[in-house]
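Student: Quick one: this structure, given as structure tokens, is what I'll be asking you about.
Throughout, read-outs are computed from the coordinates displayed, never taken from laboratory work. Nothing here was measured: the structure is a model prediction, and the numbers come from that model. Using ideal geometry, Cβ is built from the backbone for each residue, glycine included, and neighbour counts are taken over all protein chains shown.
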Amino acid sequence: MLARLMSHFLKSLLQAGIDISQVEAFHNYYPKPHTGLDVPFFKQTNEFLHSYGLKVAAFVPGDEEKRQPLFEGLPTLEKHRHTHPFVAALELETLGIDHVYIGDPSLQTQTIEQFSAFAKEQTILLDCELSKELDSRIQQHLLQPDNNRMDPARDLIRLEKSRPALGKIDIAPLPTNVRPIGSILIDNQLFGRYQGEITIATRDLPDEPKSNTIGHLTPESIAILPFIKPGQILRLRQYN
């Protein structure tokens, strides 16, 4: 029924001579909890609107000041009501959204920096805590832009520039090495020619004596991992 009504409306616009390339469709935002849209309906609507050549916009909540009077966030999708805004925006992109708007009045400074880096340079900032005993040469490289390999691994983000930069540093193995999701790892001398490769675990992995855990992503940055594409530019940002 809704698709029929929208189709009739859009055909009327086209018959009236409207330049559809200059028209953008906006989803609503939903201040009241449990009233936001569900994903299947949202995705289907986006596909329908795109079939007419429309650009589509939607909203994510802010993470600073929330809008009165409910202070419950202003998302389009209900699942995003308490989701980090940048994570929500990345998911909207996968669901066919062309433009993302912040529903609430403001964002935290570090979140603004994430949006800015992505908008200007297509760079994803990942917040992390690094080992305090980390070799300064490794730390310096870690905090520079790198990128996920174009042939992405199932279990790891592999930072492409790390092995050429760090492969000649003698990296001794650590006595213990747990690798939960979000662990930042560097391959040690036991891994032979892979020594110096920095990776990020995208799922819980078993202990590996040939790889040292040198840091962890924050929970908010772990939530970004499913949206990191092949070749994606990344930059770690030290949280501690």
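Student: Could you pull out which residues in the range 207-240 have an amide N less than 12 Å from a spot 7 Å beyond the Cα of Met150, following the Cα-Cβ vector?
Tutor: 230-232
Student: In angstroms, what radius of gyration and Dmax does the range 126-238 have, counting Cα atoms only?
Tutor: Taking only Cα atoms of the range 126-238, I get Rg and Dmax of 12.6, 33 Å.
Student: Enumerate the aspartates and glutamates that Lys32 could reach by cross-link, defined here as Cα to Cα under 12 Å, with residues fewer than 8 away along the same chain left out.
Tutor: Glu72, Glu78
Student: Residue by residue through the range 215-231, what is 3J(HN,Hα) from phi via Karplus (6.51 cos²θ - 1.76 cosθ + 1.60, θ = phi - 60°)? Round to whole Hz and write x for glycine and proline.
Tutor: With the stated coefficients, the range 215-231 comes to x, 9, 6, 6, x, 5, 6, 4, 5, 7, 3, x, 9, 7, 9, x, x Hz.
Student: Can I get the semi-axes of the chain's equivalent ellipsoid? Compute them from the C-alpha gyration tensor as square roots of 5 times the eigenvalues, in angstrom, largest first.
Tutor: Semi-axes, largest first: 42, 19, 15 Å.
Student: Could you list Phe71, Phe227, Phe48 in order of exposure, starting from the residue whose Cβ has the fewest other Cβ atoms within 10 Å?
Tutor: So the residues, fewest neighbours to most, are Phe71, Phe227, Phe48.
Student: Which angle between 0 and 90 degrees, to the nearest 10, do you get for helix 85-94 versus the longest principal axis of the chain when only C-alpha atoms count?
Tutor: 70
Student: Also, I was wondering about something else. In angstroms, what radius of gyration and Dmax does the range 2-121 have, counting Cα atoms only?
Tutor: 15.5, 47
Student: Taking the alpha-carbon distance from Lys168 and a cut-off under 18 Å, which lysines remain once sequence neighbours fewer than 8 residues away in the same chain are dropped?
Tutor: Within the straight-line cut-off, Lys168 pairs with Lys210.
Student: Additional query: Most fluctuating residue of Tyr194, Tyr52, Tyr29 in a GNM of the chain with Cα springs under 10 Å: which is it?
Tutor: Tyr52
Student: Farthest toward the dipole's positive end in the range 127-240, which of Thr218, Ile228, Ser183, given Cβ charges of +1 (Lys, Arg) and -1 (Asp, Glu) about the Cα centre?
Tutor: Going by the charge dipole, the pick is Ile228.
Student: Going down the list Lys11/Lys43; Lys11/Lys79; Lys43/Lys120; Lys66/Lys120, which pairs span over 23 Å between their C-alpha atoms?
Tutor: Beyond 23 Å: Lys11/Lys79; Lys43/Lys120; Lys66/Lys120.
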